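In what follows, a structure is listed as structure tokens, so that the remarks can point back to it.
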Amino acid sequence: SIAHRFAAEMFVQKHKFDKAISEAQLALTLDPNNAENHITMARILTYAGRPEEAIPYAKRSMLLNPRDKSVALERIASAHFCMGQFEEAAKLCNEALELNPDFHPGAAVLAASYAHLGRIEEARAALEIYYKGWGKAQPRLEMAMYFFPFKNPEHAESLADGFLKAGMPWKPYG
């Protein structure tokens, strides 16, 4: 199942969502009790523009691995973000960060959610947490968006707009 899960992740980065979903489904068929397989499907469905379908997979992951809920909470938060439910997304990201303060991807969605809610200072603080995951490099918008391969341009634009409102730089390097 691991090979299919990794193949699914590679396909989603290449925006080959149907292939990604097929590979993730194969991973789930081979190992339906693997929490990471459920997280992978949740991630892919969110990026494929099917956030409502992603939530049950992330919830199942939490049941299978109750000791590490931070990734699943961030996946559910991302789905809510894509549905325009920024308050719920922020709440879930905060829960993820309470469980694992070093889980920087959760801070990315939190920053964009707060920005859309007009809570700019909190958005900037969340962005600073996100930057910690990058080490010494501070990402610009183009670099950060690579890690959020949305099929739906509205979802990508919403995240990018949130990042910009939170203060992420957008101009190219150089």
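Computed values, structure above
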quantity: Residues of the stretch 43-83 classified as surrounded by 24 or more Cβ atoms within 10 Å (Cβ to Cβ) and free of Cβ contacts under 8 Å to residues at least 24 places away in the same chain, total; calculated: 2
quantity: Contacts under 8 angstrom Cβ, first residue in the stretch 20-31 being within 19 Å of Phe150 (Cβ to Cβ), partner open to solvent by 40 Å² or more (accessible area, probe 1.4 Å) and among the basic types (Lys, Arg), 6 or more apart; calculated: none
quantity: Some residue of the stretch 10-25 being more than 22 Å from Asn152 (Cβ to Cβ) and not in a loop (DSSP other than H, G, I, E, B); calculated: no
quantity: Unmet requirement for Glu87, which otherwise passes all of (1) modelled with pLDDT of 95 or more; (2) crowded, with 17+ Cβ neighbours inside 10 Å; calculated: (2)
quantity: Of residues in the stretch 148-160 being in contact (Cβ under 8 Å) with a residue 24 or more places away in the chain and open to solvent by 40 Å² or more (accessible area, probe 1.4 Å), the one farthest from Phe11 (Cα to Cα); calculated: Asn152
quantity: Any hit, the stretch 36-49, residues being out of contact with any strand residue (DSSP E or B) (no Cβ under 8 Å at 6 or more places or on another chain), acidic (Asp, Glu) and farther than 18 Å from Asn100 by Cα; calculated: no
quantity: Qualifying positions in the stretch 135-154 - among the hydrophobic types (A, V, I, L, M, F, W, C) and under 13 Å from the mean Cα position of the chain (by Cα); calculated: Ala144, Met145, Phe147, Phe148, Phe150
quantity: Test result for His38, under 22 Å from Arg124 (Cβ atoms) and either of a type outside the set (Phe, Trp, Tyr) or open to solvent by 40 Å² or more (accessible area, probe 1.4 Å) (or both); calculated: no
quantity: Qualifying residue in the stretch 135-142 (condition: closer than 30 Å to Ile21 by Cα and open to solvent by 80 Å² or more (accessible area, probe 1.4 Å)); calculated: yes
quantity: One residue from Ala123, Ala96 being assigned to a helix (DSSP H, G or I), open to solvent by less than 40 Å² (accessible area, probe 1.4 Å), in contact with a Lys or Arg (Cβ under 9 Å, 6 or more places away or on another chain) and more than 22 Å from Ala42 (Cβ to Cβ); calculated: Ala123
quantity: Residue match in the stretch 33-42 (condition: of a type in the set (Asp, Glu), part of a helix (DSSP H, G or I), free of Cβ contacts under 8 Å to residues at least 12 places away in the same chain and farther than 24 Å from Leu164 by Cα); calculated: no
quantity: Ala137 vs. criteria touching a helix residue (DSSP H, G or I) at 6+ places or on another chain (Cβ under 7 Å) and among the aliphatic types (A, V, I, L, M); calculated: no
quantity: Matching residues in the stretch 43-72 - criterion: being outside any helix (DSSP H, G or I) and closer than 19 Å to Leu92 by Cα; calculated: Arg50, Asn65, Pro66, Arg67, Asp68, Lys69
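The values are calculated or read from the model by the stated rules, or taken from the named source; none is laboratory data. Keep in mind the model is a prediction, meaning the values are calculated, not measured. Every residue, glycine as well, gets a Cβ built from its backbone with ideal geometry; the counts of neighbours run over all protein chains shown. All accessible areas refer to the heavy atoms of the entire protein, side chains included, with ligands and DNA or RNA removed. Shrake-Rupley method; radii C 1.70, N 1.55, O 1.52, S 1.80 Å.
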